[in-house]
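To start, the structure itself, in structure tokens.
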Amino acid sequence: MKILALNCGSSSLKYQLTDWDKKEVVASGIVERIGIGDSFIEHEAPLKNYKGKTKYAIDNHETAIQWVISALTAGEGAVISSMDEIAAVGHRVVHGGEKFTQSVLITDDVVNHISAVSHLAPLHNPANLTGIKAAKAAMPEVPHVAIFDTAFHQTMPEKAYMYALPYEWYQNNAVRRYGFHGTSHLYVSKRAAALLGKDANECNIITLHIGNGVSCCAIKNGVSVDTSMGLTPLPGAIMGTRCGDIDPAIPLFMMKQLDVGPKFMDNLLNKKSGILGITGKYTDRRDVEVAAEEGDKRCELAIDIEAYKLKQYIGMYAATLGKVDAIVFTAGVGENSGLIRQKAIEDLDCLGIVVDKDKNLNTRSKAGETEISTPDSKIKVFMIPTNEEIVFVEDVVAIIQGKYDDHTKYPYSFKK
Ligand code: ADP
């Protein structure tokens with residue numbers, strides 16, 4: 001039985017085809033820079049020892065899915081003769097609102113609900129929906145399952161998810177912290193527990209998912225007890241284009257100053273702030289790091305602010321957890337930017353964190369799971385490549401086999 005996992009981001013589409021019976025990844029890849037120029041597809045078929053990168057003009061997610069289908073079924077990297085070999089598809093969906101606390105088979109009702117809460121995740125839910133519709137059109141006969149980023153954080157206590165706002169806003173409008181990147185935090189925390197040689201439910205872990213979107217999570221005895229994103233993916237650490245934590249009065253102040261409405265402000269905070277806001281030109285941290293190296297002061301500042309906010313979250317969550325076994329860096333920036341990691345964890349002697357500076361600066365995603373702290377560090381620090389697709393696959397299989405019970409009970413363990 002082969003399961004296809006799709007993860008449609010705002011400008012990227014990650015995919016992974018897994019042979020469930022053999023517990024093997026047969027193909028994986030990414031379509032990058034969708035709709036922003038210089039797009040390409042990287043396709044890997046590990047069992048055939050194939051790895052290829054091809055540049056195409058890819059303007060939207062429909063075209064991206066067609067290229068994924070073509071990469072899986074034709075050419076040197078083909079791994080199946082037709083899409084009929086795929087038993088089910090798992091889709092990442094960012095926001096499930098209050099309705100979805102676990103993964104679910106996608107019906108028309110589910111699509112409508114995801115669409116109804118799209119305003120809560122304007123950069124992602126529409127892209128996820130586009131992916132679902134395009135994949136359903138390409139593979140109408142197979143079950144499609146939605147896996148929500150919000151589900152893992154349903155274990156947060158009330159004191160962590162409630163805002164100090166009129167209580168009726170929670171009762172009538174569902175205003176509360178939801179949190180995102182749940183599958184990633186879950187996966188890397190379980191891998192960290194494995195690296196520590198303990199059961200996940202014995203470990204307290206701080207996970208830092210740093211990609212275009214950034215979120216931090218405090219995990220106590222294996223479950224999420226707090227996270228930096230909220231009702232929407234806007235708050236928390238600073239991100240590629242989102243502002244993260246700011247004085248909540250600023251949007252109102254600037255709406256008056258600029259004489260603009262909520263739509264303008266929503267777009268500005270979600271799409272024109274964060275790293276892009278500070279640098280004025282970049283969202284990709286690789287560009288920011290190169291420009292900072294060449295002396296661009298605003299790029300230097302963006303790196304400093306990003307790392308400073310991450311360091312503050314580490315401190316805050318150390319206080320939340322009381323005892324910390326490990327800190328994990330993951331996602332595009334967390335896996336690849338030694339510089340951001342270094343700046344976020346240096347001078348944290350108060351927590352007993354000692355980093356192997358050279359090892360950290362030279363560790364990239366390709367190295368696989370790597371301990372970047374020294375053996376005498378009281379808190380272990382790991383770089384762990386995230387693999388949300390494994391969480392997707394196990395949930396999809398459980399659902400189509402009718403064995404799905406509770407999202408958090410599944411081991412997500414078939415990775416060796
Ligand atoms: P998302 O899934 O939120 O789109 P990813 O987790 O794929 O994000 O991360 C994408 C980001 O990773 C890019 O914007 C880029 O800034 C960053 N990134 C990738 N490689 C590197 C690198 N070598 N150094 C610094 N940043 C990197």
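The numbers here are math on the coordinates, done by the rules we state, and not lab data. The shown structure was predicted, so the numbers you read here are calculated from the model rather than taken from an experiment. Glycine also receives a Cβ, built like all others from the backbone with ideal geometry; neighbour counts cover every protein chain displayed.
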Treat the count of other C-beta atoms within 10 Å as a stand-in for reagent exposure and order W20, W169 from fewest to most.
W169, W20
Residue-wise HN-Hα coupling along segment 244-251, computed from phi with Karplus coefficients 6.51, -1.76, 1.60 (Hz; x: Gly, Pro)
x, 5, 9, 4, x, 7, 4, x
Signed unit charges on C-beta, dipole axis of the chain, positive-most listed residue L252, Y56, A78:
L252
Scoring only Lys, Arg, Asp and Glu (+1, +1, -1, -1) among other residues with Cβ under 13 Å from the Cβ of T107 yields 0
Assuming a ≥ b ≥ c are the square roots of the Cα gyration tensor eigenvalues, decide whether segment 45-106 counts as rounded (a/c under 1.5), prolate (otherwise, with a/b larger than b/c) or oblate.
prolate
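Shape call for the chain from the C-alpha gyration tensor, a ≥ b ≥ c root eigenvalues: rounded (a/c under 1.5), prolate (a/b greater than b/c) or oblate? Let's see the in-between values first.
Details: a/c = 1.29, a/b = 1.19, b/c = 1.08.
Rounded, because the longest to shortest axis ratio a/c is under 1.5.
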How would L339, L361, L234 line up from fewest to most surrounding beta-carbon atoms within 10 angstrom?
L361, L339, L234
Grab the DSSP H runs of the chain that are 4 residues or longer, score each as -39,500 (n - 2.57), total them, divide by all residues and round the 222 nm result to the nearest 500 deg cm²/dmol.
-11000 deg cm²/dmol
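Could you size up the charge dipole of segment 243-381 around its Cα centre, putting +1 on the beta carbon of Lys and Arg and -1 on that of Asp and Glu, and report it in debye to the nearest 20?
Dipole size: approximately 360 debye.
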With the cut-off at 1.5 for a/c, could you classify segment 1-54 from its C-alpha gyration tensor as rounded, prolate or oblate?
oblate
Please report how far the C-alpha centroid of segment 78-93 lies from that of segment 37-72, rounded to the nearest whole angstrom.
15 Å
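What relative contact order, as a whole-number percentage, does segment 264-416 give when Cα pairs under 8 Å and 6 or more residues apart are counted? Display every interim value, and only then the final one.
Details: 168 pairs, mean separation 24.7, N = 153.
For segment 264-416, the relative contact order is 16 percent.
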Which residue, M265, V225, S215, has the largest displacement toward the positive end of the dipole of segment 197-265 when charges sit on each Cβ (Lys, Arg +1; Asp, Glu -1)?
M265
Below 18 Å, Cα to Cα, which lysines can K22 reach? Residues fewer than 8 away in the same chain don't count.
K2, K48, K415, K416
Exactly which GluC sites (Glu not before Pro) in segment 132-204 are in a DSSP loop and have at most 15 other Cβ atoms within 10 Å?
E141
Quote the charge dipole size of the chain about the Cα centre in Debye, to the nearest 20; the model charges only the Cβ of Lys and Arg (+1) and of Asp and Glu (-1).
200 debye
Filter the cross-link list K55/K343; K366/K403; K14/K297; K297/K366; K343/K378; K53/K343 down to pairs whose alpha-carbon distance in this structure exceeds 23 Å.
K55/K343; K366/K403; K14/K297; K297/K366; K53/K343
